[in-house]
Amino acid sequence: MNGAGEIRDAGQTSILVVDDLPEKHLAYEAMLDGLGPKIVSVRSGAEALKQILQQDFAVILLDVNMPEMDGFETARLIRQRKRSASTPIIFLTAFADEVRTAQGYATGAVDYLPTPVVPGILRAKVRVFVDLFEMRRQMAQQAEDRAKQAATEESNRRLSFLADAGAVLGRSLDIEATARDIVQLPVPLLADTSILKLSAIVGGEAAASRCQGRR
């Protein structure tokens, strides 16, 4: 079981358990043992809000009946923060009726389980959200990798172009020969029909010459 002040690595999938009773934390840890994600345990809504500012969670198991700040108020505050606005919340309570269940869903809960919880049911529900969380994170990482690769390829193309342009400019002192060669660099397939306009100041007057490119 992890202390409330511990900050997990961004790459580690975690579950947040919020309950004011220590024995409940032990029970949930035993039920979820072997699923893979780390369990971060806190005993109040205030501690839960601190945790969601520090990391993302695959799912939050939230007790309804807690002193000072109950589960409904905690859920509303969790939903107000952009970082945790879509984090799945499963309410856990021994007092489940239609009114309280509706209130729980109204505050953004994705599920509502009466306690004592059936271990198999809790594990199955948590597993679904853990799998979705890890899938989204993998897709985001793949998109980031593709963007980085595209940026690298574009940078390499620019560097290659500049290197080729430098080689052409240093190849000859003949301005017309250099012009014919340089028009091939940007669009080689159109070099035969391209025109490069050169302007130079000679004796205070502008002199212009046109050079037709060739491949």
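Of note:
- Protection-proxy order for peptides 29-40, 148-159, each taking the mean of Cβ atoms within 10 Å per residue, highest first: 29-40, 148-159
- All other residues whose Cβ lies under 11 angstrom from that of Lys24 are scored, Lys and Arg at +1 and Asp and Glu at -1, for a net of -4.
- Karplus-derived 3J(HN,Hα), 6.51/-1.76/1.60, for each residue of segment 36-48, Hz, glycine and proline x: x, x, 7, 10, 9, 10, 9, 10, 7, x, 4, 5, 5
- Here the label points at Thr101 and Arg81, each 7 Å from Cα along the C-beta direction, are separated by 3.0 nm in the simple model.
Every number here is computed from the coordinates shown, using simple stated rules; none is lab data. The structure presented is a predicted model; accordingly, all values stated were derived computationally and were not measured. Neighbour counts are summed over all protein chains in view; Cβ atoms, including those assigned to glycine, are modelled from backbone coordinates with ideal geometry.
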